[in-house]
Amino acid sequence: MIQLFLPLNFLGFVYREIRRALTDLENMLGLLNRQPNIKDNNNATPLKVTHGEIRFTDVSFSYDKQRPILNNLSFHVKAGSKVAIVGTSGAGKSTLARLLYRFYDIDSGEIHIDQQTISQHTLQSLRQAIAIVPQDTVLFNSTIRDNIAYGRPNASAEEIDTAIKLAHLNSFINSLEKGDQTLVGERGLKVSGGEKQRIAIARALLKNAAILIFDEATSALDSHSEQAILSAMREVANQHTSLVIAHRLSTITDADNILVLHDGKLVEQGNHQTLLAAHGEYARMWQRQQTTE
Ligand code: ATP
């Protein structure tokens, strides 16, 4: 029996690992269909992330050499701070996050995390240090609890329960007959965009990475879901360096710093009050959104 069990167990492990890798790929900030070719350098060592400080220095990048996307972008994210990235559609906000995760290598400049150049360290250690809450999380066909535990497969039951609580998922889970054992994914319960994002937040909390990237959903959520997500986000942001790619400015008025991108350039930065007082691009965006809302 044991002889049969061990290979089956191993196959199960391989299957889970492959599925995890695929879900990661799908999740990664709405990846397009190109398979990038990023590998570890020959003498790459693990990145040591203790604080989660991020620095971009003169970073330029293009997907296709004819069309520059980011131009000499420089900014600094203090360890433990919450920084929002805003700007018009196509300004390069998601690209910036993909470069930090090293899904692509930059053309020139440097990206540092805790004073280490990311390209000189192993991808695995870099990605271990960053948790991503994508716009549209892919849930795999399993229970809600499994979907959360996937953030850190060796997490204890208490740690999973805490993540559920901090992500404001308790009342949703309690409203389900089977609670966190409810099946979700394509063949299970259909969950709303807001619930999915809170599951992703719980996963990210569990991963306990020093840096969190939160890609705010573009489609409007009802105000109850939005408030639940914002409170969940604050829990995460309090414990990590967080980068929030924001579409609705009302969700990031409390950010320590707001980077305003336009056509791949950083045109302004500051907190909400400073940027409003500057009467520039941010103030115009704010005005437009206030009018629409
Ligand atoms: P949005 O708010 O609409 O999500 P964004 O500011 O996040 O926009 P990015 O997704 O970073 O913008 O895209 C910046 C530019 O790069 C856009 O012009 C986009 O068309 C282009 N782009 C993005 N991904 C790729 C890719 N894989 N290959 C080629 N061009 C790309």
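The values are calculated or read from the model by the stated rules, or taken from the named source; none is laboratory data. Everything quoted here is computed from the prediction, not taken from an experiment. Neighbour counts are summed over all protein chains in view; Cβ atoms, including those assigned to glycine, are modelled from backbone coordinates with ideal geometry.
The residues of region 85-111 that are of a type in the set (K, R) and more than 12 Å from the ligand (Cβ to nearest atom) amount to a single one, R102.
Counting only helices (runs of 4 or more DSSP H) wholly contained in region 185-293, the ones carrying 3 or more residues that are within 16 Å of the ligand (Cβ to nearest atom) occupy 281-292.
The set of residues in region 57-67 being part of a strand (DSSP E or B), more than 8 Å from the ligand (Cβ to nearest atom) and surrounded by fewer than 16 Cβ atoms within 10 Å (Cβ to Cβ) consists of T57, D58, S60. V138 meets all of the listed conditions (1) under 25 Å from G194 (Cα atoms); (2) out of contact with any Asp or Glu (no Cβ under 7 Å at 6 or more places or on another chain); (3) surrounded by fewer than 20 Cβ atoms within 10 Å (Cβ to Cβ) but one, namely (2). If you check R98, R127, R67, R102 for being free of Cβ contacts under 8 Å to residues at least 24 places away in the same chain and charged (D, E, K, R), only one passes: R67.
Per the conditions (1) in contact (Cβ under 8 Å) with a residue 60 or more places away in the chain; (2) among the hydrophobic types (A, V, I, L, M, F, W, C); (3) within 13 Å of the ligand (Cβ to nearest atom), the sole criterion not satisfied by I118 is (3).
The condition of being part of a helix (DSSP H, G or I) and either aromatic (F, W, Y) or within 18 Å of the chain's Cα centre (by Cα) (or both) does not hold for A131.
Restricting the search to region 143-181, which residues are farther than 21 Å from R234 by Cα, surrounded by fewer than 17 Cβ atoms within 10 Å (Cβ to Cβ) and polar (S, T, N, Q)? Selection gives N154, S156, N174, S175, Q181.
Here is a yes/no grid of residues against (1) modelled with pLDDT of 95 or more; (2) surrounded by fewer than 22 Cβ atoms within 10 Å (Cβ to Cβ):
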site	(1), (2)
S192	no, yes
Q197	no, no
A217	no, yes
L259	yes, no
D263	no, yes
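Within region 141-183, the residues that satisfy the criterion of being in a loop (DSSP other than H, G, I, E, B) and either of a type in the set (G, A, S) or within 19 Å of G194 (Cβ to Cβ) (or both) are G151, A155, S156, A167, H168, L169, S175, L176, T182.
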